[in-house]
Amino acid sequence: MTPLQKVGIAAIAGLLGIWATSALGFWQLRRAAAKETLQQQIDAAARARPELPTAQALGDPASLVHRHLRLQGRWLPDRVVYLDNRPQAGQAGFYVLMALHVEQPVTADIIVNRGWTPRNMQDRASIEPYRTSEGPVDITGVALADEPRLMDLAKPVDRSLKGIWQNFNFDAYAESSGRAALPIVVRQDLDGVAPSSDGLSRQWPDRGSTLQAQIDRHHGYAFQWFALAATLAALLFYQIFRVIRYGRPSPQ
């Protein structure tokens, strides 16, 4: 194989490498942009005035995600799930997920994350007491597509109602309760009292700071890919320069 043929093969490989690393860099930028958009939606929802969902919106639950909602209904305390391994301020505890039955504008069950309660360190299965109104309630909160998931344990997970689950699953909930809930989870707002009047903490993690860390990481990855593309381009141009000036590539 002649030196020029070697240069030709190296040039093709170099161009493919530049294309691939540049494409990966732009992919990371697109992921960062998508999360920046998500962060803007979350920030806007937190600032927006809570709104009563319409019948049309309840028929399309995905349209409610990241919106600040006002819900009126009755708690279904026999349909509660406790999400395990949700620490707060360094203390182990659970998220309390309970169905809220609404009848206006349509009849539906909506899963509400009512807040956090600490774990009983002497008896893991014992849930610290909290208050649940037996009458109608009027609450507000931001809708999520689901609660952020943790790694499922290898051992079987208790999927009974009033059980301790690792992650919430809408299909498992429907199977356990015999009733399907809308596929959203509403994180309830503070009710103007700190701590909240029902004994649950609703000091939610700052999703904005978490997303910003992810955005910064995507930008860092993009910089690395573009730097690698620039390095490959510099090496390719150096080889072409040597061929043009000296009639041969640099020694390998």
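Taken together, the criteria place LEU64 among residues that are at pLDDT 90 or above, of a type outside the set (Ser, Thr, Tyr), more than 17 Å from SER196 (Cβ to Cβ) and out of contact with any Lys or Arg (no Cβ under 8 Å at 6 or more places or on another chain). GLY141 meets each of the listed conditions (1) touching a residue at least 40 places away in the same chain (Cβ under 8 Å); (2) part of a strand (DSSP E or B); (3) farther than 30 Å from THR37 by Cβ apart from (3).
Looking across region 24-76 at every residue that is exposed (fewer than 13 other Cβ atoms within 10 Å of the Cβ) and basic (Lys, Arg), the one that is farthest from MET98 (Cα to Cα) is identified as ARG30. Here region 102-147 is the region considered, the condition is being among the polar types (S, T, N, Q) and more than 18 Å from ALA55 (Cα to Cα), and the residue that is farthest from the chain's Cα centre (by Cα) is GLN122.
So that you can scan it fast, the table gives a plain yes or no per residue for (1) in contact with a Cys (Cβ under 8 Å, 6 or more places away or on another chain); (2) assigned to a strand (DSSP E or B); (3) over 18 Å from TYR82 (Cα atoms):
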position	(1), (2), (3)
PHE94	no, yes, no
ALA99	no, yes, no
VAL106	no, no, yes
ILE111	no, yes, no
ARG114	no, yes, no
GLN122	no, no, no
ALA125	no, no, no
THR132	no, no, no
PRO148	no, no, no
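Applying the criterion of being in contact (Cβ under 8 Å) with a residue 60 or more places away in the chain and crowded, with 19+ Cβ neighbours inside 10 Å to the residues of region 110-138, the residue that is farthest from LEU69 (Cα to Cα) is THR117.
Restricting region 75-88 to residues that are without any contact (Cβ under 8 Å) to a residue 40 or more places away in the chain and out of contact with any helix residue (DSSP H, G or I) (no Cβ under 9 Å at 6 or more places or on another chain), the residue that is nearest to ASP60 (Cα to Cα) is ARG86. The set of residues from region 57-87 being outside any loop (DSSP other than H, G, I, E, B) and either of a type in the set (D, E, K, R) or over 26 Å from ALA172 (Cα atoms) (or both) comprises HIS68, ARG70, ARG74, ASP78, ARG79.
The values are calculated or read from the model by the stated rules, or taken from the named source; none is laboratory data. Just so we're clear, the structure is a prediction, and the values are computed from it rather than from any experiment. Heads up, the Cβs are rebuilt from the backbone with ideal geometry, glycines too, and the neighbour counts pull from every protein chain shown.
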